[in-house]
Amino acid sequence: MHRLTRISLATATFALGTGLALSACSSDKSGTGDSNGSSAGSANGSAGHGGSSATSGNSAVPGAGSSSGGSNSVGTGGSSASSGAGTSGVISTDACPGLPFDGQAGAGEAGAGEAGAGDTACTGVSVEAEAVPVDLFIMMDRSQSMGLTLPNSTMTRWDAVKAAVQSFASAPSAGAIGAGIGFFGQSGGADDTLDCNVAAYAKPAVAIGPLAMSGAALVSAIDKTPPAGLTPTVPALEGALSYAKAWATAHTGRATVVVLVTDGFPTQCSKAPSDVAAAAQAGYADTPSIKTYVIGIGDVAKFNLDNYAQAGGTKTAFLTDQANVSDTFLHALLNISDSTLACEYAIPKPSDPKLQVDPDKVQIVYTPASGEPLEVPKVPALGGCANAPNGGWFYDDPAAPTKISVCPCTCSSFAAGRVDVRLGCSPRISLR
């Protein structure tokens, strides 16, 4: 599924080098909504949105709008939120609604939740920005069952996956995609010393690189790694997330994700499916946050795979069709690498280099292809998504932001439509 997403700048406080501003405006209302987090099942159906303590202290201190040269200016208005929001449960990936948006922004003095005098809609230049490109680290199950022959075929599961990766590497979009690969288990047998070593899986067989250049190495690595051994899924996923986190830290302008490929239950090291979900959840809650996508090969337990995906922030697993593993595996990889589905966006830069963006005055508005625009409220960090009934957005680094990310439930609600980044307007803060 491919979704059209367009980001436009709808302006405002671009502070000039002289300290002047083109215009200034603040949001007219505070975000509202209860935060009674509904329980979201983990791999054993028991983990809900527990105990997060996101604090969105709505502590706006509006400055007195003073007049100078006929133009209004805004003081320190805007809401602040604590960055210590965390969550001990799975963050919901079900689609959630934003807040009603009326397009108005107060230009005068305004208390929290009030419209300022002389409300005007934020207007200005509009540019289209691209979602950040995606880097995939594929952690591939090479257990002996991957050598099974497919029904009504002479091809094994392993051969079918290799053919799909080869097609993926030559896809028209390959130039913008990055990819690397690792395999589990390490020994090809049942050696716990090797197979349960998390650090071993943090060392890729092929490091992430531009797919157009690394594609041949990916295929060669699969070809040189015969199916054998058991399925130590937990340490493999933990190691993959460790590598992906290090890569993401060094490549902030891209979205790094882990793709867990498996054809069965964990059978070595830790055999509890709930432990796989816990590893995926820990990686997603980490900083930088790493999503885990899941691709199931063959007759697998869909319930467990869906729980792994949900815990990793990606809603549901992709399942291959046993009658056509290669094509359905390729389709899954293409969907995962579609940058518009990653829901991570670069902060747009004004075309005029003299203009600067105030990161505290940014609104996100989503307009569906059919329907009224909705404002996405701001949350302090990913952990705040657990208690945000209207979804939310957040910066990768509040102190020095480089990317805008949205909560999983907000990402699930984005389809064909437009995402506007409105600069110079204070965002509504998600209230628990």
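Restricting the search to the stretch 105-160, which residues are within 30 Å of Pro401 (Cβ to Cβ), among the small types (Gly, Ala, Ser) and either surrounded by 20 or more Cβ atoms within 10 Å (Cβ to Cβ) or modelled with pLDDT of 60 or more (or both)?
If the condition is that a residue be within 30 Å of Pro401 (Cβ to Cβ), among the small types (Gly, Ala, Ser) and either surrounded by 20 or more Cβ atoms within 10 Å (Cβ to Cβ) or modelled with pLDDT of 60 or more (or both), then Ala105, Gly106, Ala107, Ala110, Gly116, Ala131 are the ones that fit.
Is it true that Lys291 is surrounded by fewer than 22 Cβ atoms within 10 Å (Cβ to Cβ) and basic (Lys, Arg)?
When the stated conditions are applied, Lys291 does not pass them.
Please verify whether Ala179 is outside any helix (DSSP H, G or I), under 27 Å from the mean Cα position of the chain (by Cα) and in contact (Cβ under 8 Å) with a residue 24 or more places away in the chain, treating the condition exactly as stated.
Yes: the conditions hold for Ala179.
I'd like to know if the stretch 304-318 contains one or more residues that are within 21 Å of Val406 (Cβ to Cβ) and at pLDDT below 85.
Checking the stretch 304-318: not a single residue is within 21 Å of Val406 (Cβ to Cβ) and at pLDDT below 85.
One residue is enough: does the stretch 164-175 have a residue meeting the conditions within 19 Å of Ala207 (Cβ to Cβ), under 29 Å from the mean Cα position of the chain (by Cα) and free of Cβ contacts under 8 Å to residues at least 40 places away in the same chain?
For the stretch 164-175, residues within 19 Å of Ala207 (Cβ to Cβ), under 29 Å from the mean Cα position of the chain (by Cα) and free of Cβ contacts under 8 Å to residues at least 40 places away in the same chain: present.
Counting only residues that are within 15 Å of the chain's Cα centre (by Cα) and closer than 18 Å to Lys361 by Cα, how many does the stretch 379-402 have?
Number of matching residues: 9.
Name the pairs whose Cβ atoms lie under 9 Å apart, with the first residue in the stretch 327-355 and without any contact (Cβ under 8 Å) to a residue 40 or more places away in the chain and outside the structural domain of Gln166 (by TED's automatic domain parsing), the second outside any loop (DSSP other than H, G, I, E, B) and of a type in the set (A, V, I, L, M, F, W, C), and 6 or more positions between them or separate chains?
As it stands, the answer is Lys349/Ala129; Lys349/Val357, since those pairs meet every condition given.
Residue by residue through the stretch 397-408, note down the ones that are surrounded by fewer than 22 Cβ atoms within 10 Å (Cβ to Cβ) and either in a strand (DSSP E or B) or not polar (S, T, N, Q) (or both).
Hits for the stretch 397-408 are Asp397, Pro398, Ala399, Ala400, Pro401, Lys403.
State which residue is modelled with the highest pLDDT when the search covers only the stretch 171-186 and only residues that are farther than 24 Å from Leu319 by Cβ and surrounded by fewer than 17 Cβ atoms within 10 Å (Cβ to Cβ).
So, considering only residues that are farther than 24 Å from Leu319 by Cβ and surrounded by fewer than 17 Cβ atoms within 10 Å (Cβ to Cβ), the one modelled with the highest pLDDT is Ala176.
Could you say which residue among Leu319, Leu334, Leu355 is surrounded by fewer than 23 Cβ atoms within 10 Å (Cβ to Cβ), in contact with a Phe, Trp or Tyr (Cβ under 8 Å, 6 or more places away or on another chain) and under 30 Å from Thr149 (Cα atoms)?
Leu334
(1) polar (S, T, N, Q); (2) in contact with a strand residue (DSSP E or B) (Cβ under 8 Å, 6 or more places away or on another chain); (3) closer than 30 Å to Ala400 by Cβ; (4) surrounded by 22 or more Cβ atoms within 10 Å (Cβ to Cβ): which one isn't true of Gln281, the others all being true?
Result: Gln281 fails condition (2) only.
Among the residues in the stretch 127-138, are any β-branched (Val, Ile, Thr), in a loop (DSSP other than H, G, I, E, B) and closer than 22 Å to Val325 by Cα?
no
Kindly provide the set of residues from the stretch 343-366 that are modelled with pLDDT of 85 or more and farther than 28 Å from His251 by Cβ, ordered by number.
Result: Val365, single match.
Quick test of your reading of the structure: Asp306 fulfils all but one of (1) in contact with a Ser or Thr (Cβ under 7 Å, 6 or more places away or on another chain); (2) buried (at least 23 other Cβ atoms within 10 Å of the Cβ). Name the failing condition by number.
(2) is the only condition that Asp306 fails.
Which ones in the stretch 296-345 are polar (S, T, N, Q), more than 26 Å from Leu382 (Cα to Cα) and assigned to a helix (DSSP H, G or I)?
Listed by number, the residues that qualify are Ser326, Thr328.
Does Pro427 fit the bill of being more than 17 Å from Pro97 (Cβ to Cβ) and in the same structural domain as Ala95 (by TED's automatic domain parsing)?
So Pro427 fails the test.
Touching a Lys or Arg at 6+ places or on another chain (Cβ under 6 Å), among the polar types (S, T, N, Q) and over 28 Å from Gly312 (Cβ atoms): does that describe Gln356?
no
Under 6 Å between Cβ atoms, at least 6 apart or on separate chains: pull out the pairs that start in the stretch 226-239 with a residue that is in the same structural domain as Asp275 (by TED's automatic domain parsing) and end on any residue that is basic (Lys, Arg) and at pLDDT 95 or above.
If the second residue must be basic (Lys, Arg) and at pLDDT 95 or above, the pairs left are Pro227/Arg142.
Of these, Ala244, Ala240, Ala221, which one is among the hydrophobic types (A, V, I, L, M, F, W, C) and more than 17 Å from the chain's Cα centre (by Cα)?
Ala221
Any residue in the stretch 137-152 that is free of Cβ contacts under 8 Å to residues at least 24 places away in the same chain, touching a strand residue (DSSP E or B) at 6+ places or on another chain (Cβ under 7 Å) and closer than 22 Å to Leu319 by Cα?
yes
The values are calculated or read from the model by the stated rules, or taken from the named source; none is laboratory data. Quantities reported herein were computed from a predicted structural model and do not represent experimental measurements. Methodologically, a virtual Cβ is constructed for each residue, glycine included, from the backbone with ideal geometry; neighbour enumeration extends over all protein chains shown.
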